[in-house]
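What follows draws every value from the coordinates through simple rules; no lab data is involved. Remember, it's a predicted structure, so these values are computed and weren't measured experimentally. Methodologically, a virtual Cβ is constructed for each residue, glycine included, from the backbone with ideal geometry; neighbour enumeration extends over all protein chains shown.
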Amino acid sequence: MTATATSPTANAESPRRRRSGVERHFVGALVGASLLGLAIRLMNVYWWRPTTDRAGYLGYRLWGDAFYYHHQANTLADGKFFIDPIQYVFDGVEVPSAGHPPLYSTYLALWSLVGIDGVTAHRVVSCLLGVATIVCVGIVGKRIGGAAVGLIAATVVAIYPFMWINDGMVMSESLVVLVAALVLLTAYDFAQSPDTRHAVLFGLACGAGALTRTEMILLFPLLVLPMGLLAARRTRRDRVKLVAVAGVVGALTILPWVTFNLVRFEEPVFLSTGIGNTLAYGSCDETYYGRLIGYYHTCFTGPYPENVDESQRDLAPREYATDYINAHRSRVPLVVAARVGRLWGVFKPGQTTAFDWWIEGRGRVPSWLSLFAYYALIPFSIGGMVVMRRRRIPILPILVPIAIATFAAATTFGITRYRAPAEVGIVVAAAVGMHAAWLAARARRRTRSPLEPSA
């Protein structure tokens, strides 16, 4: 008689066949996720929130930092290197500016050079950054958890509202998210093969991060240094050498921009000006005691010194913010907690989300969808990091961007888009958690299934 039940050998081989199938179709599925993500982003730009010049909240209106990035890109394309686009557009005056790090404006300027220079056009090319992020996150997930994890992560990035909202805003978050994904990819490649080549790529990615968002400079002491010093299978001398290589490459990446700033401003400027203004936005009674506690407000209204450059102009709000903080020191811990709470959606999430679409212009429905999707991801992300620890997969590359985002909010104010560098790691960890939960559920179903009778 022949047993009809599946043999142990067949049971052991079937998962391998399924894994090889996922591996075999990984590229095609990743392309599919990328096309899905592009379609959602283009629908957001052309249908859900088309560009408008009218006041209101039904469409997308260029203003604030987005106005700066868009017009600075176009002035760059015209050969005017990093001037204040606001003064140039309204007054025709060319004055040097480092209001933001240069990488995102430079990316848009490359498109402006070939005539793709409109507001909607810049929104569309920012969507291409989102597609690149989908691909990169898929590769990261595959490296740390296999093809299935990579596809889950790529699909989440494709449909996650927080991600595609950024890609339609003409804001640096589009590039920040992509660079954060590249940092994750190079960090895990370095952890797997700590050699000079991977140290170079790691340092380059972190340098690009600093040229996109100022606080990303913290990647070097918080991520590069410990990962280099703890590199497996390397002598102490080799570890120091790898840290030095990554650090030197990162320094060389940002050196041209820093040097450019040091020679054109009166006060020392490294990555960006505007530290004083940023501090001042979160330093007044409205943000310390009022209903906007932990958020931002137009706290400093002047006077600004006249006939000075951007670096000197920033001294007045910086002095105001410092004096206010010193005068309200007892309130600082509570305000910092409120800022961090707003960032992570645990303090006044409804008000912060309303401000996302009302003040930040991120769209009403997408902002609320983003909040609920974020809440849904967090349990899986925490579970995924637990699984990664059990599998001896480093979680430092995920935790460091979380720490950096928390630091940025704690020292300035709490807004949702400050989470951007951390969201990539959250998604990757969530993909690991989702895959582990699916495997566990499948195993439970198998153990509960009755055995087939023998013939």
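Assorted remarks:
- Taken along its three principal axes, the alpha carbon spread of segment 378-455 comes to 72, 25, 14 Å, from the longest extent down to the shortest.
- If you take the Cα centroid of segment 146-180 and the Cα centroid of segment 264-327, the two points sit 32 Å apart.
- In range of the label at GLU266: residues from segment 278-311 whose backbone nitrogen is under 20 Å from the point 7 Å along Cα→Cβ: 278, 301-311
- Around the Cα centre of segment 37-130, unit charges on the Cβ atoms of Lys, Arg, Asp and Glu (plus for the first two, minus for the last two) sum to a dipole of about 460 debye.
- Residue-span extension gain [VAL308 to LEU229] - 0.36 nm each, minus C-alpha spacing: 24.0 nm
- Inter-probe distance in nm under a simple model that places probes 7 Å from Cα toward Cβ, at LEU42 and VAL93: 4.3 nm
- For the chain, the list of Cys residues with no other Cys C-beta under 4.7 Å reads CYS127, CYS136, CYS206.
- Per-peptide average of other Cβ atoms within 10 Å, ordering 92-103, 233-244, 117-128 highest first: 117-128, 92-103, 233-244
- Here the calculated FRET efficiency for VAL332 and GLU286, from their Cβ-Cβ distance with R0 = 25 Å, stands at 0.95, rounded to the nearest 0.05.
- Note that segment 50-169 shows a convex hull volume over its alpha carbon atoms of 117 Å³ per residue.
- R0 of 30 Å, Cβ-Cβ distance ASP238-LEU399: FRET efficiency to nearest 0.05: 0.75
- Amide H contacts of THR51: TYR60, each under 5 Å away and 5 or more positions distant or on a separate chain (H built 1.01 Å from N in the peptide plane; Pro and chain starts excluded).
- Rg and Dmax, both from the Cα atoms of the chain and both in Å, are 24.2, 98.
- Subtracting the Cα-Cα distance of ILE382 and VAL27 from their residue separation scaled by 0.36 nm leaves 125.0 nm.
- Rounded to the nearest 20, the Cβ-based charge dipole of segment 321-455 about its Cα centre (Lys and Arg +1, Asp and Glu -1) stands at 520 debye.
- Amide proton proximity set for ILE83, modelled H, under 5 Å, gap of 5+: SER97
- Given charges at Cβ of Lys, Arg, Asp, Glu: segment 295-350 dipole, positive-most of GLY345, TYR320, GLY302: GLY345
- Shape call, segment 229-282: gyration tensor on alpha carbons, a/c limit 1.5: oblate
- Packing, as the average of other Cβ atoms within 10 Å across residues, places the peptides 395-407, 24-36, 424-436 in the order 424-436, 395-407, 24-36, highest first.
- The relative contact order of the chain, computed from alpha carbon pairs under 8 Å that lie at least 6 residues apart in sequence, is 17 percent.
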